[in-house]
Amino acid sequence: MSDKETALALFKMADQFIDVANRLVEGESKDIGEVGAALRYAAARFNAHEAAYKATDLAAERNDALMWFSSQYKEMLEENLDQHIKYFEDKKNSGSTH
């Protein structure tokens, strides 16, 4: 699988999780902050499971795992924040109110 195909598969899976979160917010009137916290908690639980599954000595590799997952999250969050900033700046500059 090419890098582009791998990225597209990742985005497709991510969209499935986002769809569930959106249904909770929009369809079940859950608070967006609470849904976000639940999604982050779920990611943390699954990432801890992933680290444990891949580790030969999780206790010894704990700090490396924390640094790696934190770095990955920070990079992804920065990219998505920048996309939202650009979207709202473009929207404002086009004169659109929504």
Q: Would you be able to say whether some residue in the range 76-83 is of a type in the set (D, E, K, R), surrounded by 11 or more Cβ atoms within 10 Å (Cβ to Cβ) and out of contact with any Cys (no Cβ under 9 Å at 6 or more places or on another chain)?
A: no
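Would you pick out the residues in the range 49-98 that are assigned to a loop (DSSP other than H, G, I, E, B) and over 23 Å from the mean Cα position of the chain (by Cα)?
We begin by selecting, within the range 49-98, every residue assigned to a loop (DSSP other than H, G, I, E, B); these are 55-57, 94-98.
Once the filter is applied, which keeps residues that are assigned to a loop (DSSP other than H, G, I, E, B) and over 23 Å from the mean Cα position of the chain (by Cα), the range 49-98 yields 56, 57, 94, 95, 96, 97, 98.
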**Q.** Output for the range 65-98, where each listed residue is among the polar types (S, T, N, Q) and over 25 Å from residue 46 (Cβ atoms)
**A.** 93, 94, 96, 97
Q: Would you check which residues across the range 25-37 are part of a helix (DSSP H, G or I) and either touching a residue at least 24 places away in the same chain (Cβ under 8 Å) or over 17 Å from residue 77 (Cβ atoms) (or both) and list them?
A: 25, 26, 27, 34
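Each reported figure results from applying straightforward, stated rules to the coordinates on display, with no laboratory input. What you see is a predicted model, and the numbers here were worked out from it, not measured in a lab. Positions of Cβ are generated from backbone atoms using ideal geometry, with glycine treated the same way; all protein chains shown enter the neighbour counts.
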